[in-house]
């Protein structure tokens, strides 16, 4: 039997079962005596084992079988849960996820899981799994010593490497060998890092920074480094550090990590089904949607899985219909025919309803992104020796799939930032009168045509003086201008490119590479990000995102004989001002707008629109806002509001200043869409 026809179903259902395992393991860790949760995990593992065996993925089936045996012993009271056992089961789930994603990327799903299998077998026998780890300690050490190319990167580190490449940086794995008779190895490591930090940014060290500081390594260590400096200069500078014997620099090709086995991305829940596809072995006890809480079942809903490419095609066809609808409305107004007018009006209502249905079909709950974070927080909290509780609120909030696809990496960085820099260690928290367990809250909610996502923590907050000192030292702002900034404006400085207040090497926070990328990514989606903080009480990052990116509401304006579209989401109001009301301040034309000094931007000058008519005594102004900053866009005429289809300018015009795309109007003309964020920036 040809099983390829069932591959897509197998991958979707496998991801679903593994997501259930991850969620329920986190729940079981909080309630280790709740056998209903163990049964839930067992059912998912049992079903996954059967599916894998049926599809011929023996490695996947064997590892699941070993995990299933341990779970069966736990639910039968033969094994008592402890932290060691939880760690091993989590590792098994991580390996299973890597196998499934390997299959999804066209691989064979094979993976060396000898270590975790040995640990599971020892647990099943009632022995401590730490013995298996000790047996493999020598081979692991050799892998670090002699295989620097085998360095593995997690999702966040890969994102930093890829986005740094896009910004013109080069990435390298730099292997540094110290002399055999080197006595103060940690001091030499510090000196090497001091040299490197003057030339670029350290992304990762192998062994970890902590192990290097404690001299838990032989004579060799590797750093992952991004820079714009030539390789020969890097080598010369590092070799100047005494007792460094050899330096090997290997360029990193980020493309080769695309299908890295341990690079496990988000596991997205998929729609439930009432019927299983033939050829996929299932368990009668299991219902895919039963993952909200242990021991509870939701009623199956009649749903089908639809390939997202089909939805994209449907959306593109409807976008063409929207363009033609606008043309028909214009013709109807020009001809002034009552019957035509009524027909077009009815067609507009029907197409409007169809538009809502199609947009809703593309909406995906943010839980598809949020679901990966609890396990990530658990792992990082252990690495940082901190106690952190992640609270997720509003996971059912929906966003367009295109936005969902892009928002995951910025959220990963902000969460890591909150855990690394925000939440204090248990000792410091207790000394400051706080509970030893810190709290990070991830919250999503709708408001108007936007979705807001908040990442807040009850940690140390942000030090205004420290941020300001760093910003002045980096030349981001002058000391005189810095003194005039409000606290909120000072906090916004951390989004500047390359800004970092980190004083020690950290593999968690990304060493200052990221917050500017976070901001750029969110703004490229038509959103914004702001920050607020109270020293000693914590910080809050607020992300504002549009519900969808495909069809947007705009204000059409005219400049000379050219039409432009300004997104309504950026507009506060429109105004008519007299020419004589315009003032000059610091070589900038401004107006007094409701008691505030508002800069004026003349779009005809910015976009170099050919002049056909002279200025008159009155100006039409569109007041736009980005965060707490505002500006007035001076245009010739307001045409009116309209829903338009956002079209890309293509690869050749992707760097046009302050233009985010274009649209085709009802009369066939092309109108450029103004990027207000870029203008105000």
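The values are calculated or read from the model by the stated rules, or taken from the named source; none is laboratory data. Note that the structure is a prediction, hence the values are computed from the model and not measured. Every residue, glycine among them, receives a Cβ derived from its backbone with ideal geometry; neighbour counts consider all protein chains shown.
Of (1) touching a residue at least 24 places away in the same chain (Cβ under 8 Å); (2) within 23 Å of residue 380 (Cβ to Cβ), residue 42 satisfies all except one. Which?
Condition not satisfied by residue 42: (2).
Would a scan of segment 589-601 turn up a residue that is part of a loop (DSSP other than H, G, I, E, B) and in contact with a helix residue (DSSP H, G or I) (Cβ under 9 Å, 6 or more places away or on another chain)? Break it down stepwise before answering.
First pass over segment 589-601, keeping only residues part of a loop (DSSP other than H, G, I, E, B): 594-595.
Of the ones still in play, those that are also in contact with a helix residue (DSSP H, G or I) (Cβ under 9 Å, 6 or more places away or on another chain) are none.
Checked against the condition, which is being part of a loop (DSSP other than H, G, I, E, B) and in contact with a helix residue (DSSP H, G or I) (Cβ under 9 Å, 6 or more places away or on another chain), segment 589-601 yields no hits at all.
Taking the options 657, 607, name whichever one is under 27 Å from residue 524 (Cβ atoms), outside the structural domain of residue 325 (by TED's automatic domain parsing), touching a residue at least 12 places away in the same chain (Cβ under 8 Å) and touching a helix residue (DSSP H, G or I) at 6+ places or on another chain (Cβ under 9 Å). Before the answer, list the steps.
Details: 607 fails: touching a helix residue (DSSP H, G or I) at 6+ places or on another chain (Cβ under 9 Å).
Matching residue, one of 657, 607: 657.
Considering each residue of segment 567-592, count those that are more than 30 Å from residue 402 (Cα to Cα) and buried (at least 20 other Cβ atoms within 10 Å of the Cβ), and give that number.
Keep residues of segment 567-592 that are more than 30 Å from residue 402 (Cα to Cα), which gives 574-592.
Subset that is buried (at least 20 other Cβ atoms within 10 Å of the Cβ): 591.
The number of residues fulfilling the criteria is 1.
As an exercise: evaluate residue 381 against (1) assigned to a helix (DSSP H, G or I); (2) outside the structural domain of residue 315 (by TED's automatic domain parsing); (3) farther than 30 Å from residue 526 by Cβ; (4) out of contact with any strand residue (DSSP E or B) (no Cβ under 6 Å at 6 or more places or on another chain) and give the number of the one condition it does not meet.
Result: residue 381 fails condition (4) only.
If you check 517, 557, which single one turns out to be out of contact with any strand residue (DSSP E or B) (no Cβ under 6 Å at 6 or more places or on another chain) and either over 18 Å from residue 492 (Cα atoms) or surrounded by 16 or more Cβ atoms within 10 Å (Cβ to Cβ) (or both)? Show your work before the answer.
Working: 557 fails: out of contact with any strand residue (DSSP E or B) (no Cβ under 6 Å at 6 or more places or on another chain).
Of the residues listed, the single one that is out of contact with any strand residue (DSSP E or B) (no Cβ under 6 Å at 6 or more places or on another chain) and either over 18 Å from residue 492 (Cα atoms) or surrounded by 16 or more Cβ atoms within 10 Å (Cβ to Cβ) (or both) is 517.
Which members of segment 580-632 meet the condition of being at positive phi and touching a strand residue (DSSP E or B) at 6+ places or on another chain (Cβ under 6 Å)?
To start, the set of residues in segment 580-632 that are at positive phi comprises 586-587, 594-595, 608, 627.
The answer is 627, and nothing else.
Could you check residue 199 against (1) at pLDDT 90 or above; (2) farther than 18 Å from residue 242 by Cα and say which number it fails?
So the condition that residue 199 fails would be (1).
To keep it simple, each residue is scored yes or no on (1) surrounded by fewer than 16 Cβ atoms within 10 Å (Cβ to Cβ); (2) touching a residue at least 60 places away in the same chain (Cβ under 8 Å).
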{"residue": "339", "(1), (2)": "yes, no"}
{"residue": "343", "(1), (2)": "yes, no"}
{"residue": "373", "(1), (2)": "no, yes"}
{"residue": "380", "(1), (2)": "no, yes"}
{"residue": "383", "(1), (2)": "yes, yes"}
{"residue": "388", "(1), (2)": "no, no"}
{"residue": "393", "(1), (2)": "yes, no"}
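Just to check your reading of the model, which residue among 323, 358, 308, 388 is within 22 Å of the chain's Cα centre (by Cα) and modelled with pLDDT under 85? Break it down stepwise before answering.
Details: 323 fails: within 22 Å of the chain's Cα centre (by Cα); 358 fails: within 22 Å of the chain's Cα centre (by Cα); 388 fails: modelled with pLDDT under 85.
Exactly one of 323, 358, 308, 388 is within 22 Å of the chain's Cα centre (by Cα) and modelled with pLDDT under 85, namely 308.
Within segment 117-139, is there a residue that is touching a strand residue (DSSP E or B) at 6+ places or on another chain (Cβ under 7 Å) and at pLDDT 70 or above? Can you show your working first?
Within segment 117-139, the subset touching a strand residue (DSSP E or B) at 6+ places or on another chain (Cβ under 7 Å) is none.
Taking every residue of segment 117-139 in turn, none turns out to be touching a strand residue (DSSP E or B) at 6+ places or on another chain (Cβ under 7 Å) and at pLDDT 70 or above.
Hey, could you check segment 610-626 for residues that are in contact with a helix residue (DSSP H, G or I) (Cβ under 8 Å, 6 or more places away or on another chain) and surrounded by 15 or more Cβ atoms within 10 Å (Cβ to Cβ) and say which is nearest to residue 584 (Cα to Cα)?
Step by step, filter segment 610-626, then rank; the result is 619.
Quick check on residue 544: is it surrounded by 11 or more Cβ atoms within 10 Å (Cβ to Cβ), on the phi < 0 side of the Ramachandran plot, over 35 Å from the mean Cα position of the chain (by Cα) and modelled with pLDDT under 90? Working first, answer last.
Details: surrounded by 11 or more Cβ atoms within 10 Å (Cβ to Cβ): yes; on the phi < 0 side of the Ramachandran plot: yes; over 35 Å from the mean Cα position of the chain (by Cα): no; modelled with pLDDT under 90: yes.
Considered against the rule, which asks whether it is surrounded by 11 or more Cβ atoms within 10 Å (Cβ to Cβ), on the phi < 0 side of the Ramachandran plot, over 35 Å from the mean Cα position of the chain (by Cα) and modelled with pLDDT under 90, residue 544 comes out as no.
Residue 598 versus (1) farther than 25 Å from residue 669 by Cα; (2) touching a residue at least 40 places away in the same chain (Cβ under 8 Å); (3) surrounded by 12 or more Cβ atoms within 10 Å (Cβ to Cβ): which is the lone unmet condition?
The single condition residue 598 does not satisfy is (2).
Look at residue 422 and say whether it is assigned by TED's automatic domain parsing to the domain that holds residue 452, more than 15 Å from the chain's Cα centre (by Cα) and surrounded by fewer than 19 Cβ atoms within 10 Å (Cβ to Cβ). Spell out how you get there, then give the answer.
Working: assigned by TED's automatic domain parsing to the domain that holds residue 452: yes; more than 15 Å from the chain's Cα centre (by Cα): yes; surrounded by fewer than 19 Cβ atoms within 10 Å (Cβ to Cβ): no.
Here the answer is no, as residue 422 does not meet what is asked.
Check 350, 364, 369, 322 and return the single one that is closer than 25 Å to residue 453 by Cα and assigned to a helix (DSSP H, G or I).
369
Which numbered condition trips up residue 564, out of (1) surrounded by fewer than 17 Cβ atoms within 10 Å (Cβ to Cβ); (2) touching a helix residue (DSSP H, G or I) at 6+ places or on another chain (Cβ under 8 Å); (3) not in a loop (DSSP other than H, G, I, E, B)?
Status for residue 564: all satisfied but (1).
Take the residues of segment 655-668 that are farther than 19 Å from residue 318 by Cα and at pLDDT 75 or above: which is surrounded by the most Cβ atoms within 10 Å (Cβ to Cβ)? So that I can check it myself, show each step before the final result.
Residues of segment 655-668 that are farther than 19 Å from residue 318 by Cα, as a first pass: 655-660.
Next, only the ones that are at pLDDT 75 or above stay: 656-660.
Working: 656: 15, 657: 9, 658: 18, 659: 17, 660: 22.
If we take residues in segment 655-668 being farther than 19 Å from residue 318 by Cα and at pLDDT 75 or above, then 660 is surrounded by the most Cβ atoms within 10 Å (Cβ to Cβ).
Determine the pairs where a residue that is buried (at least 18 other Cβ atoms within 10 Å of the Cβ), located within segment 669-681, has a partner that is assigned to a helix (DSSP H, G or I) with Cβ atoms under 7 Å apart, the partner being 6 or more residues away or on another chain.
Sorted first by the residue in segment 669-681, then by its partner, the pairs are 676/570; 677/523.
Please pick out the residue among 438, 433 that is in the same structural domain as residue 523 (by TED's automatic domain parsing), part of a strand (DSSP E or B) and farther than 26 Å from residue 160 by Cα. Full working, then the answer.
Numbers: 433 fails: part of a strand (DSSP E or B).
Going through 438, 433 in turn, just one is in the same structural domain as residue 523 (by TED's automatic domain parsing), part of a strand (DSSP E or B) and farther than 26 Å from residue 160 by Cα: 438.
Which residue out of 60, 115 is buried (at least 21 other Cβ atoms within 10 Å of the Cβ) and assigned to a helix (DSSP H, G or I)?
Values: 115 fails: buried (at least 21 other Cβ atoms within 10 Å of the Cβ).
Within the list 60, 115, the selection yields 60.
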